[in-house]
Structures are given as structure tokens and as C-alpha cells.
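Enquirer: Okay, handing you the structure first.
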Amino acid sequence: MNRKTKLVMAGLMLAASAAQAVDISYSNTVSTAEIIGAGDRLMQRDGKTATITDGGSIAITSESTAASWIGQSGVGEIIIDGGALSASNGNNFAIGNGSPGNGTIDLRAGTLTVESTGTIIIGRDKGTGVIIIRGGVAALNQQPVFDTHASNLGFGSIDFADKIGGGTSDGTLTISGVDSAYYEALYAGGDLTYNGDNSTYSFSDVFSVIGETLSALPPPQTFAIITPSTTSGYAPLDVVFHGTNSFSAGTITSYSWTFGDGNTASGVVVTNTYSTTNAYTAWLTITDDLGNTASNSVDITVEFQPLELVATATPTSGEVPLDVVFDASASVPSGVGSISSYSWTFGDGNSDSGAIVSNTYDSVGVYTSEVVIADSNGFSATNTFVIDVVPVRFVDFTTQQSGTTGSDAFPAEFTPVSTNDLANADQTTFLSIVDNNGGIVVAQVANINDGATGTSANDGNQVVLEAEDSFTITFDTSVNTQGYDITNINTYAAWNPGAGGRSSQGYDVTLTFMDDSTLLISSGTYEANNPASSWTAVYMTPMADNDVIASGVKAITFSNFDEYANGSTQTDVIAYREFDVLGTPTGSGEIGDISYEVLPNGEGLVLSWLGILGVSYGVEATDNLVTTPWSTISSGLPSLGEVIYVTNSLTADQQFYRAYIEE
């Protein structure tokens, strides 16, 4: 028997009683209750065998005075065949002690219970001890000690043996406080065996552990197991056969395959191609080195591949205009043929051919598209898709009332004039205004606009312009793409009445309107007069308020600053202090299915669209896209075919609008 390092308790000394114990042994059938009590001890030796049958028992009580021995310097055996052997004394319980000690407990049926003892010893001091479990229930209150006594080791084991008369052991062993790892270590070290052997099988082949309880399993038999990659499919069908899970008591030396179609192969993993529609039976035969053989089979069904249409439409719903991609490229021809044609109709009058096509639906509606494919074997297949094209579900657009360039009248992200540029030829006395709230200092001034329409700028916010100077205001048309209707252009200039004694002055400014930075719409020279005296600013309005000076304007150029109505010289003018441009978005347009029109001079906003039965709508407004919540100005549920009109005045607290429809 293979002996590896065992659980050893070095220098183990067996307890001795203070008084002389009475040795009790049995050499016959025990069919009644026997008690090893006070002053006695079990000493089963001298070749004696006791068989405990049904109704019989030997109980080693806590009053017994010394260790209990089975096989003490000789042969001793107790067979438990329906009865019970129990030990509950506080001394050692030993099986096989001293040469030529040979102790055996043969548990066939009944119970073996070892409770509170000093030590459970199996094989001590060159003695041989074994617990054979053929059936019944064995329960040990602690882990036994095998092969003990320092330099004179014994030989001990627990063996799950076949039942006398044939059959695998159906007994169990429970050792308190252990788990599967403990039993596996005993098996690896030779202290736990199966029919006296621990080399033919692995532990998991012959044992099962549940909690603290060990039980035996039937030993493995030779068995062929087939694992196919598939058992059915269309011709030609490739099947991979695995024999990997086959097992044997010995070592498998060959795997022989027949596939039912005349083909054969050998090996653990093989492949066969079934080319013809039919039902087949594949067989595997294995042989091991002990001469054992086993066979098994699996049924394979091979069918004719029909034409399979696989088509997708992406997406199948969305807002108008809707682009849809149709794809039937994954379709499979029948048999071993090929796809010969793809024919598409889209339900809107358009059609196409090809494995992958696309179509754009330009109108709201529900469409049924159809694809028909055909293959070289004469088969065809059809599939349809329902495409739901809906109106724009959310429209967000902006209209703006009159406001002053550079001031807070326009939110920054929608300011119609994003930059004011004053420039002259020598680039020495000009001001570039990016943000009127902060400003960028160029030359000697900080700003050219105090942010309020029609008021005098303070003396520190002014710039001197020469005759040849000019600057252009370019409007932001990212939202209002058609430009702006210009209603007011305001400029301010300051005079020193002490220069030449002038108390009333006038000046001309030439304005050029463009539909971009270069293309001229119109131009003209406008005059402003100052009826006041002393330091002040002239307020110039080219035309009366609410009149449109020019439409579709995307840029304005200011120039010709040396033209004075009364012929005075420029030295009489200290500086220009303010340039303001007021206007509204030009014209009308469409966003999705909603038409909009911005009325001139802040008169109002008109929205219109074709209502959808059962689909509600709403129009909301706000004065600030960041901090102010949207408020509803109109909502409703239209009737079939109703044209919805929403008209609203452009007020100071409604600069931004959005319209939506929702189901």
C-alpha cells in the first residue's frame, strides 16, 4: 500500500488506568446488549471474532476504566451485521496495536459509533488496523489518527469494500468537523481506500461527500458517449462528433466511428459532411487497454434547405423626411443554389433592385414596402415592412423682437449682431466691440455703447473717427437665415460749443446695407441735427420708428464721418459716443411641417400647420433659454384636416418660441 506522510501524533502515550482493568472479549455471536462498564475494558484479541447481529450490541460506557483495544498484539475482529458497537468512554479507542497486532471492525449492517474518547487510533506501533465499511452507518466524533507511534509506525486504513455476496458498499462514514478536502487527503495518502485500492480510480470516481458524510459510488464502467455539434440541419450538413466524454475503467485506446452514409473515421473528435437529404445513424465504438469495449449511437437528420428570405428595414418609423435602408443580403438560397434576383417596391411609387437598397419617404403617411427574391432553383419568397412616417414631433426655433445691438435686448447665443467693428485705415484709433457687457479696450476707450437706446453715452465711452474711417456691423444669421428688417439706426456725437462758438451742429453718416458682407442692397447718407448746446449727443433716426429702412439685411457699413450739414470742421466734434441698430427677423419660412412668419416691426409671429386627428399640439414662449421656464401661449386638439394658426404679439418677455405635436 502506498504510504505517504500521514496524520501523525508523535510520542502518543496510551492512557493507563490507576486500577487493574478486567479485559472482556467476545468470540461468538452477540445478539443481546453487552456493556463494558466500570472496572472493565474491551480487549478483542487472541484470534477472537465477535459478530454483533440484529438486536445485539456492545456498548463501551464512560465508566470503563481503560483504553479499548481491537487487535492488541494479536488478531481481533468485530463484525457488525445488524447490531451496534458504540464507545463513549474518555479513553483511547484503538484498532490494531503492537506487532503482530491486527484489528478489524467489519461494518456490514448496523451502526458503529465512537463518541467522546481520548483518541481514535487506527494502526499503532507496527500494528495493523482497518475499519471496513460494506454497509451500515459509521460515525466518529473526531478525526482518527493513522499509523502512529513515532519510530514504530503502524498501518491503518478505512476501506469501503464490496458487500459480501457482491455489490458496491452502501455504507456511510461521518467524521465530525471535516469536509471533502479531508477525505480526499486520506484517499491520496492511502488511509482511505476503495476495495483496498486507491490507484485505479480518482477520488471523485468512487466517492461522494455531502457535508461531513462520505459514501461510495459505483465504480466507472466502460461507456461510449457521443456529443455531436448538431443532430439536424440542411444539406450539405457538417457535423462535428466528440467522443471526449467517453470513459472506461482502463485507458481508452481507440475510437472508431461510422456515420451511416458509408463514411468512417477514427479519433476522439471527428467531422463528417452529409451531402444528401436523409436520416442517418452514427456509431462510436471505444476499446480500452483492459479489453473492454462499448458502443453508442446518435441519429442525424439531414433536410433540404428551403429558400430563406432574411430582410430588414432600418428604421421602420421616424419623422419626415425619413431615409430607410432595406437589406436582404442575408437571405439563403434553396439547396445549393444562389439568389438570382431582388425586387423592391416601397409603397410610395418608388422601386429598386439589389440586395441592399434605400428609399427616402418625403411625405407623412403609413407605407407598405415589399421585397421579392428568387433563386436559381426556381423558388421565390416575399416579405413586407410597414414604414410609419410621422410629422416632426418637436420643432424648436427662435424669433426676436426689436432690440439694441450689443445690449441685453438679445440673449448672447441669438444676438442678431454678434460683433461691432470700428476700423480706420491706419489701425491706430479704432475700437472693436465683441461684447457690450464686458468690452475689449483698444486704444484709449472702453466702449462705444452704453447699452441703452436713445441716451447719451458717458464721456469716457467715445471714439474719434476720421473722414476715411468706416466700420461694419455683421448680423448673426445662424438662426434668422433671411436677415433682418432694419427699423432704427441711432448714432450719437458730442460737440464742444466752445470750439468755434457753435451751439447747434449737424453731421452726416453714410449707411450701406448688404445681404452679406459684400453684396449691396441699398445705401444713403443720413443727417442728424443737434438743437441743444454744450456737451451732449446727437440722436439720429434715418426714418420714423416702425418703418422699415431695409429688408433682408445681413450687414451694415457706417462711413463718411466728415460730412457736416452746416459745413463745420471735424475739430468741432469731440467724438462719436454710440451706434445702435434695431430690427426684426425678415420674412417667413418652414421648419419641418410648421410654417412661420415674423411680422415686421415687432407686430407678431404667425405659426401654421396641418393638424392631425387625435394629435395634440402646443406653442410655448420664453424670454431666456437658460433660466426662464417655457410658458404655453396656445394648445389644442385639432379635427381632421384642420389648419392650425397661432398668432402672437412679440412682447418683451416672449423672445423665443417652440411648437410641438405629440401623440
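Enquirer: Among the residues of region 172-189, which ones are among the aromatic types (Phe, Trp, Tyr) and in contact with a helix residue (DSSP H, G or I) (Cβ under 8 Å, 6 or more places away or on another chain)?
Expert: So in region 172-189, the residues among the aromatic types (Phe, Trp, Tyr) come out as 182-183, 187.
Matches in region 172-189: 183, 187.
Enquirer: Do the conditions hold for residue 311, that is, is it out of contact with any helix residue (DSSP H, G or I) (no Cβ under 9 Å at 6 or more places or on another chain), closer than 30 Å to residue 370 by Cβ, open to solvent by less than 50 Å² (accessible area, probe 1.4 Å) and not aromatic (Phe, Trp, Tyr)?
Expert: Considered against the rule, which asks whether it is out of contact with any helix residue (DSSP H, G or I) (no Cβ under 9 Å at 6 or more places or on another chain), closer than 30 Å to residue 370 by Cβ, open to solvent by less than 50 Å² (accessible area, probe 1.4 Å) and not aromatic (Phe, Trp, Tyr), residue 311 comes out as yes.
Enquirer: Sticking with this one: Just give me the residues in region 307-348 being among the charged types (D, E, K, R) and either assigned to a loop (DSSP other than H, G, I, E, B) or more than 27 Å from residue 377 (Cα to Cα) (or both), in sequence order.
Expert: Narrowing region 307-348 to residues among the charged types (D, E, K, R): 308, 319, 323, 327, 348.
Result: 319, 323, 348.
Enquirer: Test each condition in (1) open to solvent by 60 Å² or more (accessible area, probe 1.4 Å); (2) modelled with pLDDT of 85 or more for residue 19 and report the one that comes out false.
Expert: Status for residue 19: all satisfied but (2).
Enquirer: Is it true that some residue in region 333-340 is within 32 Å of the chain's Cα centre (by Cα) and under 25 Å from residue 276 (Cα atoms)? Working first, answer last.
Expert: Here is the first cut: in region 333-340, the ones within 32 Å of the chain's Cα centre (by Cα) are none.
Checking region 333-340: not a single residue is within 32 Å of the chain's Cα centre (by Cα) and under 25 Å from residue 276 (Cα atoms).
Enquirer: On the given criteria, is residue 402 modelled with pLDDT under 95 and over 30 Å from residue 275 (Cα atoms)? Can you show your working first?
Expert: On the way: modelled with pLDDT under 95: yes; over 30 Å from residue 275 (Cα atoms): yes.
Criteria met by residue 402.
Enquirer: Please find, within region 65-88, the residue that is surrounded by the fewest Cβ atoms within 10 Å (Cβ to Cβ) out of those that are free of Cβ contacts under 8 Å to residues at least 40 places away in the same chain and not in a strand (DSSP E or B).
Expert: Filtering first and then ranking leaves 88.
Enquirer: When the residues of region 193-222 are filtered to those that are assigned to a strand (DSSP E or B) and out of contact with any Phe, Trp or Tyr (no Cβ under 6 Å at 6 or more places or on another chain), which remaining residue is most open to solvent (accessible area, probe 1.4 Å)? Walk me through how you get there before you give the answer.
Expert: Start the filter on region 193-222 by keeping residues that are assigned to a strand (DSSP E or B), which leaves 193-194, 197, 207-210, 213-216.
The next check asks that each one be out of contact with any Phe, Trp or Tyr (no Cβ under 6 Å at 6 or more places or on another chain); those that pass are 193, 197, 207-208, 210, 213, 215.
Working: 193: 3, 197: 48, 207: 9, 208: 36, 210: 132, 213: 47, 215: 34 Å².
Checked region 193-222; the qualifying residue most open to solvent (accessible area, probe 1.4 Å) is 210.
Enquirer: Something else: Quick one: is residue 253 within 26 Å of residue 336 (Cα to Cα), in contact with a Ser or Thr (Cβ under 6 Å, 6 or more places away or on another chain) and open to solvent by 60 Å² or more (accessible area, probe 1.4 Å)?
Expert: Values: within 26 Å of residue 336 (Cα to Cα): no; in contact with a Ser or Thr (Cβ under 6 Å, 6 or more places away or on another chain): yes; open to solvent by 60 Å² or more (accessible area, probe 1.4 Å): yes.
Criteria not met by residue 253.
Enquirer: Tell me yes or no: at least one residue of region 185-192 is closer than 24 Å to residue 291 by Cα and more than 46 Å from the chain's Cα centre (by Cα). Steps first, please.
Expert: Initially, region 185-192 is screened for residues closer than 24 Å to residue 291 by Cα, giving none.
Looking through region 185-192, none of the residues is closer than 24 Å to residue 291 by Cα and more than 46 Å from the chain's Cα centre (by Cα).
Enquirer: If you go through region 261-297 one residue at a time, how many are of a type outside the set (A, V, I, L, M, F, W, C), within 47 Å of the chain's Cα centre (by Cα) and either surrounded by 18 or more Cβ atoms within 10 Å (Cβ to Cβ) or not in a loop (DSSP other than H, G, I, E, B) (or both)?
Expert: Taking region 261-297 first, the residues of a type outside the set (A, V, I, L, M, F, W, C) are 261-264, 266-267, 271-278, 280-281, 285, 287-289, 291-293, 295-297.
So of that shortlist, the ones also within 47 Å of the chain's Cα centre (by Cα) come out as 261, 263-264, 266-267, 271-278, 280-281, 285, 295-297.
With either surrounded by 18 or more Cβ atoms within 10 Å (Cβ to Cβ) or not in a loop (DSSP other than H, G, I, E, B) (or both) added as a condition, the list becomes 264, 266, 271-274, 278, 280-281, 285, 295-297.
Number satisfying all stated conditions: 13.
Enquirer: Return the residues of region 170-192 that are part of a loop (DSSP other than H, G, I, E, B), without any contact (Cβ under 8 Å) to a residue 60 or more places away in the chain and either among the aliphatic types (A, V, I, L, M) or surrounded by 20 or more Cβ atoms within 10 Å (Cβ to Cβ) (or both); say none if nothing qualifies. Full working, then the answer.
Expert: Pass one, region 170-192, residues part of a loop (DSSP other than H, G, I, E, B): 170-171, 176-179, 190-191.
When the remaining residues are screened for being without any contact (Cβ under 8 Å) to a residue 60 or more places away in the chain, the result is 170, 176-179.
Correct list: 178 only.
Enquirer: Can you tell me which residue in region 366-389 is nearest to the chain's Cα centre (by Cα), limited to those that are open to solvent by 20 Å² or more (accessible area, probe 1.4 Å), closer than 17 Å to residue 323 by Cα and at pLDDT below 95?
Expert: 388
Enquirer: Moving on to the next point. Can you work out which of the residues in region 44-61 that are surrounded by 15 or more Cβ atoms within 10 Å (Cβ to Cβ) and farther than 17 Å from residue 86 by Cβ is modelled with the lowest pLDDT?
Expert: First pass over region 44-61, keeping only residues surrounded by 15 or more Cβ atoms within 10 Å (Cβ to Cβ): 44-45, 48-53, 56-60.
Subsequent filtering for residues that are farther than 17 Å from residue 86 by Cβ retains 45, 48-49.
Numbers: 45: 88, 48: 92, 49: 92.
So, considering only residues that are surrounded by 15 or more Cβ atoms within 10 Å (Cβ to Cβ) and farther than 17 Å from residue 86 by Cβ, the one modelled with the lowest pLDDT is 45.
Enquirer: Hey, among 282, 235, 224, which residue is farther than 30 Å from residue 162 by Cα and modelled with pLDDT under 95? Please lay out each step first, then the result.
Expert: Numbers: 282 fails: modelled with pLDDT under 95; 224 fails: farther than 30 Å from residue 162 by Cα.
Residue meeting the stated conditions: 235.
Enquirer: From (1) open to solvent by 40 Å² or more (accessible area, probe 1.4 Å); (2) touching a residue at least 12 places away in the same chain (Cβ under 8 Å); (3) not in a strand (DSSP E or B), pick out the condition that doesn't hold for residue 151.
Expert: (2)
Enquirer: May I ask you to say which residue of 146, 160 is crowded, with 18+ Cβ neighbours inside 10 Å and over 30 Å from residue 63 (Cβ atoms)?
Expert: Values: 146 fails: over 30 Å from residue 63 (Cβ atoms).
When all the criteria are applied, what remains is 160.
Enquirer: Of the residues 131, 158, 105, which single one is over 58 Å from the mean Cα position of the chain (by Cα) and either closer than 17 Å to residue 76 by Cβ or not small (Gly, Ala, Ser) (or both)? Before you say what the answer is, go through the steps one by one.
Expert: Values: 131 fails: over 58 Å from the mean Cα position of the chain (by Cα); 158 fails: over 58 Å from the mean Cα position of the chain (by Cα).
Within the list 131, 158, 105, the selection yields 105.
Enquirer: Give the residues of region 101-143 that are open to solvent by less than 10 Å² (accessible area, probe 1.4 Å), over 26 Å from residue 167 (Cα atoms), assigned to a strand (DSSP E or B) and not hydrophobic (A, V, I, L, M, F, W, C), sorted by residue number.
Expert: Selection gives 123 alone.
Enquirer: Additional query: In region 228-237, is there at least one residue being over 26 Å from residue 337 (Cα atoms), among the small types (Gly, Ala, Ser) and either assigned to a strand (DSSP E or B) or under 43 Å from the mean Cα position of the chain (by Cα) (or both)? Write out each step before concluding.
Expert: Going through region 228-237, the residues over 26 Å from residue 337 (Cα atoms) turn out to be 228.
Right, trim to among the small types (Gly, Ala, Ser) and you get none.
No, region 228-237 has no match at all.
Enquirer: Starting from region 502-519, keep only residues that are open to solvent by 30 Å² or more (accessible area, probe 1.4 Å), then list their pairs with residues that are modelled with pLDDT under 65 and of a type in the set (D, E, K, R) whose Cβ atoms are within a distance under 7 Å, requiring at least 6 positions of separation or different chains.
Expert: Filtered contacts from region 502-519: 502/572.
The values are calculated or read from the model by the stated rules, or taken from the named source; none is laboratory data. Quick caveat: nothing in here was measured; it's all calculated off a predicted structure. Neighbour counts run over all protein chains shown; Cβ positions are idealised from the backbone, glycine included. SASA here: full protein model, heavy atoms, side chains in, ligands and nucleic acids out. Shrake-Rupley method; radii C 1.70, N 1.55, O 1.52, S 1.80 Å.
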